Amino acid sequence: MKELVPSPIIWKNDELHLLDQRLLPNEEKFVICSTIENAHDGIRDMAVRGAPCIGFTAIYGLALWLKVQKVYSFKELERAASYLKQARPTAVNLMFEVDRILEAVKANFSANSKVQDVYKFVLSDGHQQIENSIVKNTKMAQYALEDLTKKYGVKKLNLMTHCNTGFLACGTLGTALGVISYAHSQSRVEMVYADETRPYMQGSRLTAYELGKENIPYNIVVEGAASYILKHKKIDAIFVGADRIAANGDTANKVGTSTLAIVAKHYGIPFYVVAPLSSFDYSLKSGDEIEIEMRTPDEILGYKNIRIAPQDAKAINPSFDVTSADLIEGIISEKGIVLKPNTEKMKIFLKD
Ligand code: MRU
């Protein structure tokens, strides 16, 4: 596992330590969560972020809640779970992990079970999910590189990405950034173009920090430069992550992703989505049904307490957007690739 970057989620002394991603890259400090409320707020306030890490944090949040219960009640556990699910709306991994662990607890425990046993079960599930994701992320990276090799042969690649999808977002290798990291380990990366990712700067703060730690050559670019970069920099492929993928392949990801996909289509550059199956939401027919998190306008009107816009300026701050499936070359998960996704292909993919 790559440990050049501190682990974003650590369980230590019966508490959850979250690397405070709001302070990166300048400070590597941890927020200590000793209650479910701390875990909830860590997700809501983005001390921890990235779809997979949000899901893992929620499992630990339930463990923190169970730790202080006197008796086991499934009904009360469900209530705690629903509180955690409200922390952020778009990344389905949060709901997926919480619902999955509820199912597992229901199947393994009864009303007479000891709450300490349920606590241990949930805690070890949290550890297990992070462990499992190493294997999943590595598979995704291999599928992606195989597809690129089919397209271009074995050559060094110019790649572009948006937001942060690496170790910090996933707790292990990463999804889209995992592909880049893996390609670099195979000496296949010429240059990475990392979108700054306004307004929260996941690209310039976090992706650049991760790429730098691994000595992967990169340039940060502003989202507005997409057309220039794609036209002039011989980009071979774009890799992004996902917060929720609907049954037809429409994909919600960090705001700015769909703009990049539209520009990529214009220049004929393959645009890939890389995400674990926990990011798939087959209950939604299309991306139109995905709830988009609206964040505070303050993130746009200023930066770190420095006001940029006029005092009376207004802003709207959708944190995600939906990329239409017809703009996507392939959706890559631990199960394989769905090339040029649509409802039919996604259905077959899930069944196989
Ligand atoms: O608001 P964030 O920083 O949690 O958003 C993260 C993203 O949009 C990522 O691209 C997505 O979660 C995929 S993470 C592997």
Notebook entry, point to check: Using Cα atoms only, what is the angle between the long axis of helix 115-152 and the major principal axis of the chain, expressed in degrees (0 to 90) to the nearest 10?
Noted result: 10 degrees
Next item on the list: Would you mind computing Rg(Cα) / (2.2 N^0.38 Å) for the stretch 108-217, counting N as its residues?
Entry: 1.38
Item checked: Three-way shape label, the stretch 136-350, alpha-carbon gyration tensor, a/c 1.5 -> oblate
Note to self: In whole Hz and in residue order, list the ³J(HN,Hα) couplings for the stretch 104-114 that follow from phi through the Karplus curve 6.51 cos²θ - 1.76 cosθ + 1.60, θ = phi - 60°; x for Gly and Pro.
What the structure shows: 5, 5, 4, 6, 9, 10, 10, 4, 8, 5, 7
Notebook entry, point to check: How do the peptides 25-33, 95-103, 321-329, 56-64 rank, highest first, by the average count of neighbouring beta carbon atoms within 10 Å per residue?
Noted result: 56-64, 321-329, 95-103, 25-33
Check: From the backbone phi of the stretch 161-170, what are the Karplus-calculated ³J(HN,Hα) couplings (6.51 cos²θ - 1.76 cosθ + 1.60, θ = phi - 60°) in whole Hz, Gly and Pro given as x?
Finding: 8, 10, 6, 10, 9, x, 3, 5, 8, 10
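Restricting the count to DSSP beta bridges whose residues both fall in the chain, what percent are antiparallel, rounded to a multiple of 5?
Close to 50 percent.
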Checklist line | Calculated FRET efficiency for the pair K213/K29, C-beta based, R₀ 25 Å, to 0.05 | finding: 0.90
Check: Can you list the HN-Hα couplings for the stretch 292-301, worked out from phi with the Karplus curve (6.51, -1.76, 1.60; θ = phi - 60°), rounded to whole Hz and with x for Gly and Pro?
Finding: 9, 5, 9, 9, 4, x, 4, 5, 9, 6
Check: Roughly what would the spin-label model give for V71 and D14, points 7 Å off Cα along C-beta, in nm?
Finding: 2.2 nm
Notebook entry, point to check: Taking N as the number of residues in the stretch 9-131, what is its alpha-carbon radius of gyration divided by 2.2 N^0.38 Å?
Noted result: 1.01
Checklist line | Percent of Cα-Cα distances greater than 17 Å, calculated over the stretch 85-161 | finding: 65 percent
Next item on the list: For I9, list long-range residues whose amide hydrogen, built 1.01 Å from N in the peptide plane, is under 5 Å from its own amide hydrogen.
Entry: L19
Notebook entry, point to check: How big is D for the stretch 248-352, in µm² s⁻¹ as a whole number, if Stokes-Einstein is applied with the Kirkwood radius of its Cα pairs at 37 °C and 0.692 mPa s?
Noted result: 213 µm²/s
Next item on the list: Hey, can you grab everything whose amide H is under 5 Å from the amide H of I220? Only 5+ residues off in sequence or another chain; H modelled, so Pro and N-termini drop out.
Entry: A194
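Read the figures in this text as sums done on the coordinates, not as results from a lab. All figures in this text were calculated on a predicted structure; none of them were measured in a lab. Don't worry about glycine lacking a Cβ; one is built from the backbone with ideal geometry, like all the others, and counts go over all protein chains shown.
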